[in-house]
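A short write-up of the structure that comes next.
Every number here is computed from the coordinates shown, using simple stated rules; none is lab data. Predicted, not measured: the structure shown is a model, and the values here were computed from it. Cβ placement follows ideal geometry from the backbone for every residue including glycine, while neighbour counts extend to all protein chains displayed.
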Amino acid sequence: MVDYSNVQNCYDYLKSQGGIAYIDTRGGLSMEGNTLDSFYNGIFKKVDGYKLFQQPGNGLLNFKVVEIPANADEILLLENKEKIQEFLDKGGIIISFTQNYLEWLPGNSLYEASPTAIKDRMVVACGHPITEGVREYDMNFRCGVKGFFNRGFFKAPAGATVILKDSDGECVAYIDSATTKGVILSTAGADLVGFGLAESSTAKRLGVNLMLWLEKTMREREAA
C-alpha cells in the first residue's frame, strides 16, 4: 500500500528543485488546459521547445527534470540530440512519453507497433512502485474504451528496469540509469502523468506514484 500522506511534501520538494520542465512543441495544446497544473499543484513548468533549443548554449541545463510529452516534435529532438545527451551526462532526468520513431534518446531501440489487436492486447504492471495500487483494467481502459494508453513497444536497454510490459511480453516502459550518467524513464507512448486524469479511477495513481518515485530518486542521487 502506497503512503500518500506525504504527497504535498513531495510536491513541495520537487518545486524547490525547479519543478519539471514540460517541453511544449504544440503551443500549449498538449497541456490539456490547466488539468496537469491543477492536479499536480504547479510542479510542471511549460517551456517552448523551439525557443529552448534555439537559444545560445544548452537550455536543458537550467533544469534537473524534463518531461517530453507523447506528441512532441521528434524531428526537433533529433536535431538537438547532442544537447539531450549532454543534459543526461550531467545527471539530468528525462521522462519521455514519446513513441520514439527517431533516434534522439540514448539507449532507446525505437518504437514498434504491436501486431496484436487492441482488443486482445493488455498492458501489464511489473511490480514497480510507479504502478502500485493501479488496477490493470484502469491502465487499459478509459471511459470503457481501450487503446488510449499504449499501442506499441520497444526493447529495453541493457541494465534497464522494465516497469510495464504488454501481454506478449514486450517492454512498454522502462527506467534506464545505465546508458548515461542521468536517468531516463521512457514509455512507448504511455502517458503516466496525464492518462488517468480524465476519470475517477486508480489510473490517477500512476502520476502521483511517479512523483513519489522521482522525489526518492532525486534525493538518493543527491546523497550519493
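Dividing the summed helix terms, -39500 (n - 2.57) for each DSSP H run of n ≥ 4, by the number of residues in the chain produces a 222 nm estimate of -7500 deg cm²/dmol to the nearest 500.
Spacing of the modelled spin labels on Lys155 and Thr217, each 7 Å from Cα toward Cβ, amounts to 2.3 nm. When DSSP beta bridges are restricted to pairs lying wholly in the chain, around 50% turn out antiparallel. Full extension of the chain between Tyr137 and Tyr101 yields a length gain of 10.2 nm, computed as 0.36 nm times the residue separation minus the alpha carbon distance. Could you tell me which of rounded, prolate or oblate describes the chain, using a ≥ b ≥ c as the square roots of the eigenvalues of the alpha-carbon gyration tensor, with rounded for a/c under 1.5 and, failing that, prolate when a/b is larger than b/c and oblate otherwise? Rounded is the answer for the chain, as its axis ratio a/c remains below 1.5.
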